[in-house]
Amino acid sequence: MTSTLEKFIHSLDPRALPRVLQIQSGIYFQGSIYEMFGNECCLSTGEVIKVIGFKINKLIASICENNEVSQFSAKVELPLNFPGLYKVVADKTPYVSIQEITRKFSIGPTRFGHPCFYSPEDIKLANFTIKHGEQITFNSVEEVNGMMAVNCGVVRNNQSHSFTFPLSQEGKFYECEDDQIYTLKEIAEWKIPKCRNRIVKLSNTLHTWDSSNPLPENFDGCLILTPVYEVQAVMKFRKDIVHILSDLDVEVKDITDCYDINSFLQPLSLEDVFERTSKEFPMVAEIMEGPSGGQKPYNLLNTGKEIVIYKKYQATRVLASEIRSDSPKRHFLIPMSYKGKFKRRPREFPTAYDLEIARSEKEQLHVVATKAFDSPHKELFSVSVGDQFLVQQCQTSEVLYEGRKKLIDVLACEQILSDTYKKVLLPMYMEGGFVEVIHDKKQYQLSEICKEFHLPFNVKVSVRDLSVEEDVLAAVPGLQFEEEITDSYLLISSASSPVESWEIPVYRLNMSVHLLSKDVQTIVPPVTKTTVEEISEEQYYMVRRYENQTLHPPPRPPKKPATPAPKPGFAVSKQGFSDVLQAPKNFCVDTTKKLCSNQAADVSELQVSCQNDLVHRENKKDMTGKATLVETSVIKGLTNKAFGKCEAEKEEEEEHNYDYVDENIIENIRKVFQDTTVKNKHALSEGRRDI
């Protein structure tokens with residue numbers, strides 16, 4: 001049956017790929033233009049193409065009134081990176097079976113791929129009954145007892161219940177309301193069902209309106225989004241992959257069942273190659289579509305080049321991020337073979353719980369407090385800015401709370417005084433601020449750090465890797481090693497001149513090849529080169545998303561009912577920049593709070609940089625060899641000067657505000673504060689010169 005390319009792609013199930021299409025009514029641009037903006041624009045009648053994939057390229061938006069397109073609304077084109085945060089409006093049209101839901105929604109391993117539905121009627125399963133109106137979360141699709149089924153779950157009385165739905169299960173299933181906020185790219189990838197449009201409500205623009213904005217000024221209504229897909233296809237007599245927009249005015253017919261699909265070149269992604277058995281390696285392949293980027297080896301992987309793929313394997317990398325607070329951070333994956341050396345940099349700890357995680361048997365953790373804390377219990381210690389501690393161990397302690405004794409977790413420390421040490425207890429829930437004092441001047445290899453210390457760990461390159469032409473880590477002022485990860489790689493070399501071999505990541509490199517029937521001349525790969533890989537913000541979150549979740553501090557107990565008397569000395573504002581990010585539902589945060597938060601971030605960075613310049617005053621060392629006291633006048637003067645005027649304007653923080661924040665929103669929110677941050681940095685630089 002003949003249909004437009006647009007209708008065909010909108011109804012196409014990705015699991016049915018590849019499909020062979022014949023052009024029934026072609027399109028031809030006048031002149032010799034065959035490609036515009038990287039997309040094919042000329043397809044002749046009778047031409048045959050093999051569709052191997054498709055993805056949303058852009059969105060067509062119409063202003064929506066009462067869930068219908070306004071008759072006065074013009075359609076506007078929105079790129080996927082169009083700024084703004086949006087709420088998804090639940091579709092009022094029901095789905096009639098589980099199979100329809102799995103065909104039209106992306107159900108995957110991330111939280112974006114867990115759509116939620118409810119049934120207006122009770123559903124009775126073999127040993128479980130789903131009540132009408134109960135939210136059903138779709139987690140994954142897999143084979144169960146020889147039949148495809150969906151793993152689902154419901155939460156009832158704070159308990160999670162899991163069960164499976166066969167794809168043949170019928171009934172009415174309505175979308176649940178979604179209170180999360182998303183970027184347009186996230187909505188395009190996960191939240192637009194096949195064959196349906198999606199209504200979204202603008203939640204926050206995150207940028208100032210200007211004349212180039214296609215939406216009306218001060219617009220805060222709903223939009224109906226219609227996707228335009230980019231189709232990846234292979235043509236009969238071409239070796240490259242062509243890209244066709246789905247709104248191209250052509251008619252097509254699906255002839256897959258009566259056409260020899262093997263007569264086309266078979267493009268393989270790196271994931272496809274990795275799924276091949278180990279016995280099939282090594283193999284020779286020709287690049288059909290190479291990756292972008294000027295870094296080796298990506299600049300060597302050009303379209304048409306022949307390569308040898310020697311083997312597939314898993315390799316360890318250290319995920320590292322640049323230490324800075326004034327702009328988006330750079331992120332790196334560092335191979336264990338990195339030959340540079342590192343020196344330690346002071347770590348920052350936001351809570352006492354983080355101190356417990358960071359302490360080790362190898363050395364005693366020495367920290368300086370950068371934020372005041374007034375303990376609600378007389379049995380526990382109240383902290384002032386500049387107090388120094390040696391961290392001992394976690395234990396339990398009995399405190400008096402509302403007239404009754406209660407056991408809570410505490411951190412035992414020794415406070416360093418001028419000529420003695422005082423044993424103190426800090427509550428594990430304490431929201432403080434601490435900076436590590438570094439006494440270790442040794443230079444470490446990457447493998448030594450991973451073996452001897454707990455991650456995260458702060459360092460700076462002291463000796464660059466001389467085995468590479470340019471060490472990208474050497475120019476970074478500070479790095480935080482966050483965690484070790486295991487990732488999938490292919491070992492490749494040039495087929496024509498196999499002088500050296502390279503590791504290429506399987507899941508972060510957009511590259512297609514087709515296999516050649518050629519024998520591999522050298523089975524043993526040449527010298528292997530590994531590189532430090534700089535990854536994007538999106539890739540960074542994807543890497544972290546599939547790693548184990550880090551431990552979180554225990555919940556805070558209720559606040560002390562009576563407001564304590566103001567503590568002498570300095571007290572830093574209780575809500576930092578991270579706390580602002582933890583309330584995505586309320587973006588109208590007081591401007592004064594933002595100012596204080598940004599100053600806090602900048603001064604914290606300054607404190608870290610000043611640690612090596614602090615004067616050490618030697619005490620008489622006792623037999624235990626304890627750390628000496630660090631002069632705190634520099635820290636106290638610095639923090640008082642930077643934050644003095646913030647204290648009077650600070651409001652009391654909301655009680656127990658633990659709202660979830662979408663990790664992908666952080667960079668968008670930062671854009672709002674960009675102008676303010678620049679001004680604050682200028683003010684801080686003036687303050688530093690005064691100091």
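The values are calculated or read from the model by the stated rules, or taken from the named source; none is laboratory data. Just so we're clear, the structure is a prediction, and the values are computed from it rather than from any experiment. Here the Cβ positions follow ideal geometry from the backbone for every residue, glycine too, while neighbour counts run over all protein chains shown. Keep in mind that these areas ignore ligands, DNA and RNA; they rest on the heavy atoms of the full protein, side chains included. Shrake-Rupley method; radii C 1.70, N 1.55, O 1.52, S 1.80 Å.
Is it true that Ser447 is among the polar types (S, T, N, Q), out of contact with any strand residue (DSSP E or B) (no Cβ under 8 Å at 6 or more places or on another chain) and in contact (Cβ under 8 Å) with a residue 24 or more places away in the chain? Break it down stepwise before answering.
Values: among the polar types (S, T, N, Q): yes; out of contact with any strand residue (DSSP E or B) (no Cβ under 8 Å at 6 or more places or on another chain): yes; in contact (Cβ under 8 Å) with a residue 24 or more places away in the chain: yes.
Yes.
Return yes when Pro115 is in contact with a helix residue (DSSP H, G or I) (Cβ under 9 Å, 6 or more places away or on another chain) and open to solvent by 40 Å² or more (accessible area, probe 1.4 Å) and no when it is not.
No; evaluated as a whole, the condition is false for this residue.
Mind checking which strands (runs of 3 or more DSSP E) fall wholly inside the range 330-394 and carry at least 1 residues that are closer than 21 Å to Ile408 by Cα?
Result: 348-351.
Out of Thr137, Thr110, Thr129, I need the residue that is more than 22 Å from Ser11 (Cβ to Cβ), open to solvent by less than 30 Å² (accessible area, probe 1.4 Å) and either among the hydroxyl-bearing types (Ser, Thr, Tyr) or free of Cβ contacts under 8 Å to residues at least 24 places away in the same chain (or both). Which one?
Residue meeting the stated conditions: Thr110.
Taking Leu265 as meeting all but one of (1) part of a helix (DSSP H, G or I); (2) at pLDDT below 85; (3) in contact with a strand residue (DSSP E or B) (Cβ under 8 Å, 6 or more places away or on another chain), write down the number of the exception.
Going through the list (1) part of a helix (DSSP H, G or I); (2) at pLDDT below 85; (3) in contact with a strand residue (DSSP E or B) (Cβ under 8 Å, 6 or more places away or on another chain), Leu265 breaks only (1).
Could you please let me know if Arg238 is outside any helix (DSSP H, G or I), charged (D, E, K, R) and open to solvent by 60 Å² or more (accessible area, probe 1.4 Å)?
Yes.
Among what's in the range 241-277 and is closer than 19 Å to His10 by Cβ and acidic (Asp, Glu), pick the residue that is most open to solvent (accessible area, probe 1.4 Å).
This residue is Asp249.
Output yes when any residue across the range 511-532 is aliphatic (A, V, I, L, M), under 20 Å from Gln314 (Cβ atoms) and crowded, with 19+ Cβ neighbours inside 10 Å, and no when none is. Lay out the reasoning, then the answer.
Taking the range 511-532 first, the residues aliphatic (A, V, I, L, M) are 511, 513, 515-516, 520, 523-524, 527, 532.
Filter once more, keeping what is under 20 Å from Gln314 (Cβ atoms): 511, 532.
The next check asks that each one be crowded, with 19+ Cβ neighbours inside 10 Å; those that pass are 511, 532.
Yes, the range 511-532 contains a residue that is aliphatic (A, V, I, L, M), under 20 Å from Gln314 (Cβ atoms) and crowded, with 19+ Cβ neighbours inside 10 Å.
Would you be able to tell me the number of residues in the range 98-146 that are assigned to a loop (DSSP other than H, G, I, E, B), of a type outside the set (Asp, Glu) and under 13 Å from Tyr174 (Cβ atoms)?
6
Does Ser62 count as among the small types (Gly, Ala, Ser), farther than 23 Å from Thr226 by Cβ and at pLDDT 85 or above?
no
Might you check whether a residue that is open to solvent by 10 Å² or more (accessible area, probe 1.4 Å) and within 16 Å of Glu482 (Cα to Cα) occurs anywhere in the range 294-315?
no
Would you tally the residues in the range 233-286 being of a type in the set (Phe, Trp, Tyr) and touching a Ser or Thr at 6+ places or on another chain (Cβ under 7 Å)?
1
Given the condition open to solvent by 60 Å² or more (accessible area, probe 1.4 Å), over 21 Å from Arg359 (Cα atoms) and not in a strand (DSSP E or B), answer yes or no: does some residue in the range 478-494 qualify?
no
Taking into account only those residues within the range 407-432 that are of a type in the set (D, E, K, R) and in a strand (DSSP E or B), which is least open to solvent (accessible area, probe 1.4 Å)?
Glu414
Between Asn158, Asn151, Asn145, which is open to solvent by 90 Å² or more (accessible area, probe 1.4 Å) and under 30 Å from the mean Cα position of the chain (by Cα)?
Values: Asn151 fails: open to solvent by 90 Å² or more (accessible area, probe 1.4 Å); Asn145 fails: under 30 Å from the mean Cα position of the chain (by Cα).
Criteria check complete, one pass: Asn158.
Only one of these conditions is not met by Ser467: (1) of a type in the set (Ser, Thr, Tyr); (2) over 25 Å from the mean Cα position of the chain (by Cα); (3) within 23 Å of Lys339 (Cβ to Cβ); (4) surrounded by 18 or more Cβ atoms within 10 Å (Cβ to Cβ). Which number is it?
(4)
For residues that are farther than 22 Å from Tyr541 by Cα, open to solvent by less than 20 Å² (accessible area, probe 1.4 Å) and out of contact with any Asp or Glu (no Cβ under 7 Å at 6 or more places or on another chain), tally how many sit in the range 325-348.
Selection size over the range 325-348: 1.
Being hydroxyl-bearing (Ser, Thr, Tyr) and within 30 Å of Arg464 (Cβ to Cβ) is true for just one of Ser375, Ser325, Ser397, Ser418. Which residue is that?
None of the other options fit; the residue is Ser325.
Confirm whether Gly84 is under 30 Å from Glu537 (Cα atoms), among the small types (Gly, Ala, Ser), surrounded by 18 or more Cβ atoms within 10 Å (Cβ to Cβ) and in contact (Cβ under 8 Å) with a residue 24 or more places away in the chain.
yes
With the condition kept exactly as written, say whether any residue in the range 229-237 is at pLDDT below 75 and either at negative phi or among the β-branched types (Val, Ile, Thr) (or both).
First pass over the range 229-237, keeping only residues at pLDDT below 75: 237.
So of that shortlist, the ones also either at negative phi or among the β-branched types (Val, Ile, Thr) (or both) come out as 237.
Yes: one or more hits.
With the structure loaded, tell me whether Glu280 is more than 23 Å from Gly53 (Cα to Cα), without any contact (Cβ under 8 Å) to a residue 12 or more places away in the chain and either surrounded by fewer than 14 Cβ atoms within 10 Å (Cβ to Cβ) or among the hydroxyl-bearing types (Ser, Thr, Tyr) (or both) or whether it fails that test.
Details: more than 23 Å from Gly53 (Cα to Cα): yes; without any contact (Cβ under 8 Å) to a residue 12 or more places away in the chain: yes; either surrounded by fewer than 14 Cβ atoms within 10 Å (Cβ to Cβ) or among the hydroxyl-bearing types (Ser, Thr, Tyr) (or both): yes.
It is true that Glu280 is more than 23 Å from Gly53 (Cα to Cα), without any contact (Cβ under 8 Å) to a residue 12 or more places away in the chain and either surrounded by fewer than 14 Cβ atoms within 10 Å (Cβ to Cβ) or among the hydroxyl-bearing types (Ser, Thr, Tyr) (or both).
Out of the range 368-404, which residues are open to solvent by 20 Å² or more (accessible area, probe 1.4 Å) and more than 15 Å from Pro427 (Cα to Cα)?
Within the range 368-404, Thr370, Asp387, Glu402, Gly403, Arg404 meet the criteria.
Test Val472 against the criterion of being closer than 18 Å to Arg347 by Cβ and touching a strand residue (DSSP E or B) at 6+ places or on another chain (Cβ under 7 Å), and give yes or no.
no
Can you pull out the residues in the range 85-97 that are in contact with a helix residue (DSSP H, G or I) (Cβ under 7 Å, 6 or more places away or on another chain) and either aliphatic (A, V, I, L, M) or assigned to a loop (DSSP other than H, G, I, E, B) (or both)?
If we filter the range 85-97 for residues that are in contact with a helix residue (DSSP H, G or I) (Cβ under 7 Å, 6 or more places away or on another chain), which is where we start, we get 85-86, 88, 95.
Within the range 85-97, Leu85, Val88 meet the criteria.
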